[in-house]
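The values are calculated or read from the model by the stated rules, or taken from the named source; none is laboratory data. Quick caveat: nothing in here was measured; it's all calculated off a predicted structure. With ideal geometry, Cβ positions are generated from the backbone for all residues, glycine too; neighbour counts draw on all protein chains shown.
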Amino acid sequence: MKILLIEDDKLLSAMYRDGFKLAGHSVVTSDSAQDSLNKLDKEEVDLIILDMFLPGRSGVEVLHELGSYADWQKIPVILMSDIPREDIKISDENLAKYSVTKLVYKPATSPTELISLAEGIVAD
Amino acid sequence: MMRITGGENEMQTIISAAVYDLKTPLTLIRGLNDLMNSGKLDKKSHDLYVSRIATSVDQMQRIIDTISSLDKIIAKQQSLPIEPVNICQVVEEVAHQLDSCARDYNQKLIIKHGRTSAVVLSNKQALESVVYGLVDNAIKYSTPNSNILIRPSLASRRGFTRLTVRDKTVGVRKSDISRIMKTLGQTSSPNPAYGSNSGLGLYATMRLVESLNGAVGVKPVPGGSSFFVELPIAQQLSLYLPKS
């Protein structure tokens, strides 16, 4: 499985990257909205893991961009957030529209859980 | 951006900011521990993770200490106990704590002692929070492969010691200065490598320094920003002479 990991915190990004690599997966990392879109232009990935809060253009803006291109619309997205689901004012319907298969609360999700989730989504 | 309106609201906003800031070190501790338990790490990665967990624990401890000090001065309206504190020693201790964090971002913390009075009238825990807040802010906002200069020296104001922390960032516009120090909320850092934070560190610095009868400020300098605090000297005779 090849993943695009979009996470702006350098240490968190390295931790998730290490976890996926240890599990035998390939990871492309990105730390901003624009950089992630540039990388998607060059790389084919099976899944996107996207941090909701990015500097400059947010993760939600990345979702809008992904929804604008047919090739990118098909890629499943795991959206990660520092705030719990009940405090995020986006409906499940809108998340589904943008191929968000799962929304995870970062502090309560270990790398092992995230990897299992990603493997399950790609296997489906 | 949240604006503070004083009293109870101020403390609520501070607690919300602290809760937000605790999440990243908590996520790191949980996640790194999870990977260490996988049994797949080599020794180098294992040692790196142990170091990052220790740094994250320090960060959490510092946030809790800061909240405790702010709670005393804001919610309980108490004065912090004032005692003679060696500012050079506090700088050394904080720099030691944050050194691995700076190295993670390929930055170097450089302490340059000017001729100064090392002993200030302060509160040790609050002063540690202040120095930690300034240096941590410099690490988060500086570009990779840069030096962060920490310099205790005599202030131009008679009877005060100045601590300057100079970073290498995209710089601070004058119009941003008062906003940075007076508002609290989630701000995106200008460098995409460093994520976002609540702004609590700088806000706490301002509040704590005020309560210690000191002054705090920031000015843009070529290639970055220079944050400074000035605190009253405890003993005129306690001159710190840098080693030659």
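Worth a mention:
- In this entry, A:Ile78 is excluded by the filter for residues that are of a type in the set (A, V, I, L, M) and touching a Ser or Thr at 6+ places or on another chain (Cβ under 6 Å).
- Restricting the stretch A:22-59 to residues that are among the basic types (Lys, Arg) and at pLDDT 90 or above, the residue that is surrounded by the most Cβ atoms within 10 Å (Cβ to Cβ): A:Lys39
- At least 3 residues being at pLDDT below 95 is the threshold, and among the strands (runs of 3 or more DSSP E) wholly inside the stretch B:35-125 those reaching it are B:83-86, B:119-122.
- Taking the stretch A:98-112 as the range and being in contact with a strand residue (DSSP E or B) (Cβ under 8 Å, 6 or more places away or on another chain) and assigned to a helix (DSSP H, G or I) as the test, only A:Lys106 passes.
- Sole residue being surrounded by fewer than 18 Cβ atoms within 10 Å (Cβ to Cβ) and of a type in the set (A, V, I, L, M), chosen from B:Val19, B:Val94, B:Val90, B:Val85: B:Val19
- Within the stretch B:134-149, one or more residues are touching a residue at least 40 places away in the same chain (Cβ under 8 Å), assigned to a helix (DSSP H, G or I), within 17 Å of B:Val209 (Cα to Cα) and among the aliphatic types (A, V, I, L, M).
- Residues of the stretch B:134-151 that are in contact with a Lys or Arg (Cβ under 8 Å, 6 or more places away or on another chain) and either at pLDDT 95 or above or away from chain A (no Cβ under 14 Å) (or both): B:Ala138, B:Ser146, B:Asn147, B:Ile148, B:Leu149, B:Ile150, B:Arg151.
- Boolean, B:Ser79 is touching a residue at least 60 places away in the same chain (Cβ under 8 Å) and more than 20 Å from the chain's Cα centre (by Cα): yes
- Looking across the stretch B:78-101, the residues that are more than 20 Å from B:Asn213 (Cβ to Cβ) and in contact with an Asp or Glu (Cβ under 9 Å, 6 or more places away or on another chain) come down to B:Glu93, B:Val94, B:Gln97, B:Leu98, B:Cys101.
- Residue match in the stretch B:9-20 (condition: over 30 Å from A:Ala23 (Cα atoms), assigned to a loop (DSSP other than H, G, I, E, B) and in contact with a Leu (Cβ under 9 Å, 6 or more places away or on another chain)): no
- Sole exception among (1) at pLDDT below 95; (2) surrounded by fewer than 17 Cβ atoms within 10 Å (Cβ to Cβ); (3) more than 14 Å from every other protein chain (Cβ to nearest Cβ) for A:Gly120, by number: (1)
- Some residue of the stretch B:33-44 being within 14 Å of chain A (Cβ to nearest Cβ) and surrounded by 21 or more Cβ atoms within 10 Å (Cβ to Cβ): yes
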